[in-house]
Ligand code: 2RA
């Protein structure tokens, strides 16, 4: 299969290449695409060097699938050009997520919605993916009424510039090209992406809107506070979830242990709970600190951690492509 990776030199692009190789995705020809300033650079895939190609050259090569991680503007402009030549696009930006004509897919939850008409498929936001993957089977069992989520997000979610800022600050230097309006080392920023007119950030509103779309349920109420912390390896989330129906805690454990893609890490006697350092490099969404909210009936508290570059981005995108192959919607 001819595969284009758009944004191949970025943090997510690099992880896409890693995940494609690890999962033995049937790549017969690889087209790593990046911006003008990366021309002349090479990337490595399965021990072989590949020259970066331009967007136009990649479109002219008519790849079977293009996995995009190059920002919303590039996706809006370039994804339809790939789709026009018959390429299936899986897009990691926010450009198409809430477009009612596009599917927003977490394969374990809603891959069955995909049809031959879907040429541009949206990969959800990282912090949304790990939350809905942890919750969708509980939603089926007990019907979620409302989620209150606070996130603790890794700087890798912003990209290389933010990783450099953290490392420079940690080394005692001022950041040469800061990604954030404030220092991030020894600090916490209650600010991810841009502020919207309602006072929430775009990241917070992604969690509200994408959750309803992925779970196909507009009745689910979500309120979010998204926070950047000086951490790498994964995003963490404190979830407070109110259900319509009451649950037994044993049943919650049973459901979570049986949820594909979820790993329960919850042995407080051994100080065992999910942490970004343990999620790093893994595809599983780790769930722990599972307990009843004693202040309110039918309400559960959970702590959810996942590698935002893996299940939150690259792994989910590659899994979408794998599902499309399985469903006969993506062919060489
Ligand atoms: C972040 N959600 O962590 C973004 C990345 N898509 O900033």
Per the list (1) at positive phi; (2) without any contact (Cβ under 8 Å) to a residue 24 or more places away in the chain, residue check on residue 298 breaks on (2)
If we ask which residues in region 68-96 are away from the ligand (no atom under 16 Å from the Cβ) and either assigned by TED's automatic domain parsing to the domain that holds residue 259 or within 15 Å of residue 33 (Cα to Cα) (or both), their number turns out to be 7
By my count, strands (runs of 3 or more DSSP E) wholly in region 261-321 with at least 1 residues that are in contact with a helix residue (DSSP H, G or I) (Cβ under 7 Å, 6 or more places away or on another chain), within 16 Å of the ligand (Cβ to nearest atom) and closer than 25 Å to residue 157 by Cα are 285-292, 299-306
Check on residue 99, away from the ligand (no atom under 16 Å from the Cβ), closer than 23 Å to residue 236 by Cα and surrounded by fewer than 20 Cβ atoms within 10 Å (Cβ to Cβ): no
Filter region 163-186 for residues that are within 16 Å of the ligand (Cβ to nearest atom) and either over 17 Å from residue 235 (Cβ atoms) or free of Cβ contacts under 8 Å to residues at least 60 places away in the same chain (or both); the one that is surrounded by the fewest Cβ atoms within 10 Å (Cβ to Cβ) is 181
When every residue in region 203-254 that is under 30 Å from residue 181 (Cβ atoms) and in a loop (DSSP other than H, G, I, E, B) is compared, the one nearest to the ligand (Cβ to nearest atom) is 226
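The values are calculated or read from the model by the stated rules, or taken from the named source; none is laboratory data. None of these values were measured; they are calculated from a predicted model. Heads up, the Cβs are rebuilt from the backbone with ideal geometry, glycines too, and the neighbour counts pull from every protein chain shown.
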